[in-house]
Amino acid sequence: MKKTGRKNRDRQEEIVEISLEDLLRSQLHGFVVDAGQRVLQALLEQERTDVCGPRYEHQKDRHAYRAGHAPGQLTLGGQMVTIRRPRARTVDGEESELPTWKDLSREDPLGARALEQMVLGVSTRNYQRSLEPLPKSMNPRGGGRSAVSRRFVKATQEQLDKVMGRSLENLDLVVLMIDGVHFSDHVVLAALGIDSGGNKHVLGIQEGATENAAACRSLLTNLRDRGLNTERSILVVLDGSKALVKAVRDIFGKFALVQRCRQHKKRNVREHLPRQMWPSVKHAMNDAYKTRDPKRAHKILMNLARRLEDDHPGAAASLREGLDETLTVMGHGLSKTLERMLSTTNAIENLMGSVRRVSRRVKRWRGGTMILRWMAAGVEEAARGFRRVRGYRDLSQLNRWLRENDLKIKGREEKQAA
């Protein structure tokens, strides 16, 4: 009997301990909020004392006097709450604003919180549920769908203006990548730059109906107007679109060294072949690109095109189209890692993947402006995780090659002028 009683007492003590632990955990948030309110009230009262002087003390040169309290609105936990605000008035009867209240009453944190939640995948419908609960005495508000939507629109418009208005004059770019992403009936082009230190920069975005030369030309013209130097050589990595190549040639002229994405080239050729031929053709193309010798690679690829000509002329034509532009980065002394990175559009496709992830919950697009705002939110979110490109230590060799190309162009122009 004694043993049984001891076991029951131990079990009761364990139950009490668990209950107290759960109780403390559940009350901690409320305790912190209450303590924060008390500290805030103390700070505001101290500032009012600094302005009005100590309470009940006579002052000959009084500049302000106490004016009781009034309900005020502050931002807390992603919503607006009501706080009892101490008031002070000048001797002329004007409101004297307390510094701490002035700083805390700004609504900027609300927009930032709404943007952060939406980017992470929280819908306006569930925004309120994602916030920490607050006491009803604080009258929390501002978590409704309409309020959150308005703040999100404002925040993303600011991001869009930032992306489209950023100066490019001081960027020492050596690589430019352009790609597009589809939103319903719209296509948004994005430009990603890589500087001589290997850092990535989102340069701009452009909306259009299709991924055509006009949209790309508008994008590049905007970049030029904002300071992008189009009078020096730059490596432009594209997915193989003829429209994009044409637009790049129109803006950069001879200074554009175009590298077509090898992965896109493989996929384009594969689309013209039966499934059983995919592995062998892909293996042959990989062998060509691994040689790192442009002449030898060209020979291997042309031989492959000749073998495909009779039975699969579409695949052969696709392979020949722009073949030399898939070999642009070969034979210039670049490291294997850097050459592999520059031969594909993987860097900007990762950016587009972030955009798709951010906007995946949108079911209905209401025009191009909405699309551009979401695009801006996506690229800014992706930019937060940017790292230097692989092989960045060897970008000095790429820069040397580009400057040599500048000298060749200048020499030819001087020769023609003479």
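The values are calculated or read from the model by the stated rules, or taken from the named source; none is laboratory data. Small disclaimer: the values here were computed from a predicted structure and weren't measured. Every residue, glycine as well, gets a Cβ built from its backbone with ideal geometry; the counts of neighbours run over all protein chains shown.
Before we move on, is residue 180 within 25 Å of the chain's Cα centre (by Cα) and within 27 Å of residue 392 (Cα to Cα)? In short, yes. Anything in segment 192-215 that is part of a helix (DSSP H, G or I) and touching a strand residue (DSSP E or B) at 6+ places or on another chain (Cβ under 6 Å)? List them, or say none. The one that is part of a helix (DSSP H, G or I) and touching a strand residue (DSSP E or B) at 6+ places or on another chain (Cβ under 6 Å): 215.
Here 62, 84, 113 are screened, and the one residue that is exposed (fewer than 14 other Cβ atoms within 10 Å of the Cβ), at pLDDT below 85 and basic (Lys, Arg) is 62. For the criterion of being out of contact with any Cys (no Cβ under 7 Å at 6 or more places or on another chain), closer than 27 Å to residue 398 by Cα, surrounded by fewer than 21 Cβ atoms within 10 Å (Cβ to Cβ) and assigned by TED's automatic domain parsing to the domain that holds residue 349, residue 282 fails.
Restricted to segment 221-267, and to residues there that are assigned to a helix (DSSP H, G or I) and in contact with an Asp or Glu (Cβ under 8 Å, 6 or more places away or on another chain), the residue that is surrounded by the fewest Cβ atoms within 10 Å (Cβ to Cβ) is 243. Scanning segment 347-366 for residues being buried (at least 16 other Cβ atoms within 10 Å of the Cβ) and assigned to a helix (DSSP H, G or I) gives a total of 8. Any residue in segment 374-391 that is without any contact (Cβ under 8 Å) to a residue 24 or more places away in the chain, under 19 Å from residue 207 (Cα atoms) and in contact with an Asp or Glu (Cβ under 9 Å, 6 or more places away or on another chain)? Looking through segment 374-391, none of the residues is without any contact (Cβ under 8 Å) to a residue 24 or more places away in the chain, under 19 Å from residue 207 (Cα atoms) and in contact with an Asp or Glu (Cβ under 9 Å, 6 or more places away or on another chain). In this structure, is residue 77 modelled with pLDDT under 80, within 30 Å of residue 46 (Cβ to Cβ), crowded, with 19+ Cβ neighbours inside 10 Å and not β-branched (Val, Ile, Thr)? Judged against the criteria, residue 77 is not a match. Among the residues of segment 148-164, are any outside the structural domain of residue 349 (by TED's automatic domain parsing), without any contact (Cβ under 8 Å) to a residue 40 or more places away in the chain and not in a helix (DSSP H, G or I)? No, segment 148-164 has no match at all. Of all residues in segment 399-418, those that are in contact (Cβ under 8 Å) with a residue 60 or more places away in the chain and in the same structural domain as residue 254 (by TED's automatic domain parsing) have Cβ atoms under 9 Å from Cβ atoms of residues that are part of a helix (DSSP H, G or I) and not small (Gly, Ala, Ser), 6 or more apart or on another chain, in 402/255; 405/254; 405/255; 406/255; 409/254; 409/255.
Looking only at residues in segment 41-59 that are aliphatic (A, V, I, L, M) and touching a strand residue (DSSP E or B) at 6+ places or on another chain (Cβ under 7 Å), the one that is surrounded by the fewest Cβ atoms within 10 Å (Cβ to Cβ) is 51. Checking each residue in segment 116-125 for being surrounded by 14 or more Cβ atoms within 10 Å (Cβ to Cβ) and either of a type in the set (A, V, I, L, M) or over 16 Å from residue 384 (Cβ atoms) (or both) picks out 118, 119, 122, 123, 124.
Only one of the numbered conditions (1) surrounded by 12 or more Cβ atoms within 10 Å (Cβ to Cβ); (2) under 16 Å from residue 82 (Cβ atoms); (3) of a type outside the set (S, T, N, Q) is not met by residue 99, and that is (2).
Selection over segment 367-394 of residues that are surrounded by fewer than 18 Cβ atoms within 10 Å (Cβ to Cβ), closer than 15 Å to residue 156 by Cα and not small (Gly, Ala, Ser) gives a count of 2.
Residues in segment 210-240 that are within 24 Å of the chain's Cα centre (by Cα) and among the small types (Gly, Ala, Ser) were compared, and the one that is nearest to residue 195 (Cα to Cα) is 227. Scanning segment 178-205 for residues that are farther than 19 Å from residue 229 by Cα and either of a type outside the set (D, E, K, R) or surrounded by fewer than 19 Cβ atoms within 10 Å (Cβ to Cβ) (or both) turns up 180, 181, 182, 183, 184, 185, 186, 187, 188, 189.
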